[in-house]
Structures are given as structure tokens and as C-alpha cells.
Ligand code: NAD
Ligand code: UGA
């Protein structure tokens, strides 16, 4: 079977870029991306490509190539479902905030709503592709809902998790390490797998397209994120020991990373990992293990999250203790709010939690991030519910540029590794700040020796 019409439900960080790349690489396939969020769809359709809802290097070029040709963004979910022969479900799967599994399990209500809508609307056979990150065996529930329509329409469910990282999404989609497709090992299942394989094969070689059973594919996604986050927590745990012993965490990372069995990537110590997925997916994995009675396995993975919480807290405490055990009324500039560079995404960013600790000590925070808006910073702090919205607004200011940013500040803390922070004129910053002028580098990207030469009192994560 050759796919001619694709629908993707969910026009977020995954659905938007992934479908834009499929449309750009497969001009013979019509790709229809739908979402309930009208504002988001309007932004995807904005003639000014600077207004796309997501900031991602290279995205606007890809959208410009395909939009209006074979890439459509709309809110017409029913029509897109009806016309498609393959439907990607790429909706959000956040951590549950209520009931059984609260704070741990993935909330699958959006996924289930999609399945019910497809079952209700579809009048021809379809291949359903799980693009969202899901607990293992979700395909079973999807199949059960889909097959309940009773109108004779047949569905094949595939798992095709996404491994892109934000900030490098387009590169990751164009040249992925691998594409993973899990499907049923029946004749119909094999046909569906082949159809999806052929879509990707327009630009990705067969050797890089891995085929597995559905459950392995679903579980591999949670496992990949757990392993990646585990590496960050491992190096971050050792950053604390480096600080205590005058070892340098970057030197240790380089020394161990040269061992080809360990490898050099994902060993950059930081103020803590953020992003919408690492924490959510590990909590989901922990919950799954608990559900199967595998408590030792659950505890093992839970430690990755606990270590990350410790790292964020440790960094905030380092600031407080260095500033003579009080930050009350002191101006502290946070450089960066996004969870990593080259994205405007702030979900679970370490900066939010560090700011929250400092605000509880009544610090005055000024935030500067080149891609994050004032509204987003306030929304992130309000979401924690630690203090009133008015109090957040009275203690936190969001700067649009560097003008007067450092004036009379007691301390500066680097939260996100934006390249532009490396080229700030630090001599000028030093003049503007109160003395002693403190700098806390949560990403270890600045030349601390040079800064101390200027007169700063400096601390970098993982440096003795
Ligand atoms: P997102 O919140 O940016 O986008 C999800 C979109 O789905 C939203 O715009 C929402 O309005 C829409 N939606 C929800 N229910 C809908 C419905 N019933 N009908 C139509 N639209 C609906 O989320 P995201 O970051 O794109 O993540 C989506 C999934 O992909 C998650 O499971 C996530 O774990 C996974 N994932 C994310 C990333 C990432 O980098 N963000 C990477 C790999 C995998
Ligand atoms: C991560 C995975 O890398 C993707 O493969 C996956 O598809 C995605 O999650 C997902 O499922 O959502 P992402 O969260 O976008 O991608 O970004 P990463 O580059 O993985 O960074 C995550 C966090 O870890 C960031 O806060 C980053 O600063 C931090 N990090 C990363 C470190 O502190 N040190 C490192 O060495 C690497």
C-alpha cells in the first residue's frame, strides 16, 4: 500500500516539525496537520514565518518549502481524519495531576479522545501511528477503542516514537540516528509497517529504519529518555564531588568520554536537566515498574529524578550561602530561562525552580532570555503556586535586552547555555554591579579565570 494522504493530530513541538519534514521530503503525499488550538494553527499559517508557534533553527525554511503545496495546518480534525490513509497521533501526554497515579503516570486522556474521534469519524481503513510517547501496551487500549466502532472499518496500530531533541529538531528529523517502527507481526501488520517504512525511505536509508514488535517500540522510547537523563544525573552527581575535591567535572567528562564504551555525548554537567519529557517519561517508567510490582527497578530509575531535583536545589543553595546566607532584597540576574539553548520552550526548565527557591528567600530576580517572553516567565512561576501572582510580579522583572540589566546587581547566574552569553562584555558588567560582584555559572560556559581576573567572585558547576 502506498500512502497518499497523512493526517497528524497535534501541531505541537513534535507534530509541527515532523510533518513539515515529511511534507518537504515527500511531495507526492498530502500532509494535513490538525489541532484544537486555533491560536496555534493560526500561528502555523502566519505569512510571517517569524511568527511560527515554535522557535527551531531551520524550521521556517522547511515550512516555507511545503506549506500551501502539500502541507496544510487547520482545525478541521474530522475532515483530515476522513481523508487520510495514515493518521499520526502526536498529542501531549503529560504527567497526571489527579487521581490514581497522580504525579507519576502519563495522562492518556488526549490520546483516548483522539482514538474515539477516529473511531467515530473514519469511513475507510486506516493505519494509526503512535507518535506521542506512551506507556508500553497503550496500543492495546487504542486497538480496543478503535475496533469498537462496529462499522467494519479496519485499523492497524503502529508505534513510531520520536527521538528529536528541541533546538536541533530539523537536523534530527533530516538525519536521524534511527527511525523506530513497531507493528504487529501479521500480514496486515507487516503491510502497515512497510507503508510507514516507505514514507521515511524517501530520505532515510533502510538500514536506519528499525522494525520491532509494538511493545518493544513503545518501551524503547521511555528507555532511551531514561538512559539519556541518567547520564546527565550521573555527571551532575559527580559535579558535587568535583566541587568538594578540586577535580574539574569537564576534565572528568572528557577523560571518561574518550572510552569508546562510554562515549563523549550527554556528559555536560549543568544546573539540572529540564524539558517537557525527561522527568515525565522517567516518572511514567517508574510508575509502570511499580504497577508490575518491580519496586527495585522503580527505585533505581526514580533516583535519576531525585538527583536532578538535588542539583537544582544545590545550585540555589550555593547562591544563597555565598551571598552571606541572605538574598533578601538582593538583585540577582538570571541569564536564560529556556530549558536549553536554541529553543523558546521553558517546560520544566531548571531556571524556574532555581528562581522559585531564591524568591522564597525574598530575592529580587531579573530574568533575561533571548527567546522567552515575559508572559511565559510569569506563567511558569504562577504554575508552581508557591506565592500569589501579584507577589511573583513584584519580585520578578523580565528584561528585553541588556540595557541596565546588571545595574546594582549582587549576583549573576547563568541558567541556559545560550552562545551569546559568552560574548557579553563582562568588564562592563563588573562596573555596573555592586561589589563584591558574584557570578554563578550553572552551565560552566564562561571563562571563569578571565572573570576572576576582572574582579568577579566566581563559581562554576562542577569546578573545584
Ligand atoms: P505539545 O503540547 O507541544 O503539542 C500537543 C498538541 O496536541 C497541542 O497543540 C494540543 O492542542 C494538541 N491536542 C491535544 N489533544 C488534541 C485533540 N484531541 N485533537 C487535536 N489536537 C489535540 O506536545 P509535544 O511537545 O509536541 O509532544 C507531543 C508528544 O510527543 C508527547 O507525548 C511527548 O512526550 C512526545 N515527544 C516530545 C518531544 C519534544 O521534544 N517536545 C520529543 C519526542 C517526543
Ligand atoms: C530529549 C531527548 O534528547 C530526545 O531524544 C527526545 O526525543 C526528547 O527528549 C523527548 O522525548 O522529548 P530534549 O529534551 O528536547 O530532548 O533536549 P536534550 O538535548 O535531551 O536536553 C534535555 C535537558 O538535558 C536540557 O535541559 C539540557 O540542557 C540537559 N542536558 C543535556 C545537560 O544538562 N547535559 C547534557 O550533557 C545534555
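Couple of notes before you dig in:
- Averaging the Cα positions of each part gives two centres, and for region 400-464 and region 16-63 these lie 37 Å apart.
- For q = 0.12, 0.14, 0.16 Å⁻¹, Debye-computed log10 I/I(0) when each Cα of region 108-246 counts as one equal scatterer: -0.57, -0.73, -0.89
- Shape analysis of region 5-212 based on the Cα gyration tensor places the equivalent ellipsoid semi-axes at 25, 20, 18 Å, largest first.
- Paramagnetic reach from residue 408 in region 418-460 [backbone N under 18 Å; point 7 Å along Cα→Cβ]: 429-438
- Over region 255-309: Rg over Rh, Cα atoms, Kirkwood Rh: 1.08
- Region 214-464, Rg to Rh (Cα coordinates; Rh as Kirkwood inverse mean 1/r): 0.99
- When each of the peptides 296-302, 270-276 is scored by how many other beta carbons lie within 10 Å of its residues on average, the order from highest to lowest is 270-276, 296-302.
- Panel order for 162, 243, by other beta carbons found within 10 Å of each beta carbon, from fewest to most: 243, 162.
- One quarter of the convex hull surface built on the alpha carbon atoms of region 183-341 amounts to 14.2 nm², the projected area averaged over directions.
- Antiparallel content of DSSP bridges confined to the chain, in %, to 5: 5 percent
- Beta bridges from DSSP with both residues in region 7-78: antiparallel share about 0 percent, rounded to the nearest 5.
- Computed [θ] at 222 nm, deg cm²/dmol, the chain (DSSP H ≥ 4; -39,500 (n - 2.57); rounded to nearest 500): -13500 deg cm²/dmol
- P(r), alpha carbons of region 1-117 - 10 Å bins starting at zero, rounded %: 14, 43, 29, 12, 2
- Degrees separating the helix 109-121 axis from the principal Cα axis of the chain, which is the longest one: 20 degrees
- For region 345-464, alpha-carbon Rg relative to the globular expectation (2.2 N^0.38 Å, N residues): 1.06
- Angle of helix 187-200 to the longest C-alpha principal axis of the chain, folded into 0 to 90 degrees and rounded to 10: 50°.
- For the chain, the longest principal axis of the C-alpha atoms and the axis of helix 278-291 are separated by about 60°.
- Per principal axis, descending, Cα span of the chain in whole Å: 75, 51, 43
- When both region 268-285 and region 299-343 are represented by their alpha-carbon centers, they are found 14 Å apart.
- Gain on full stretching of the segment that runs from residue 434 to residue 452 - 0.36 nm per residue minus C-alpha separation: 5.0 nm
Here, each number is a calculation from the coordinates, and none is a lab measurement. These numbers were taken from a predicted model, which means no experiment stands behind them. Cβ coordinates were reconstructed from backbone atoms using ideal geometry, including for glycine residues, and neighbour counts include every protein chain displayed.
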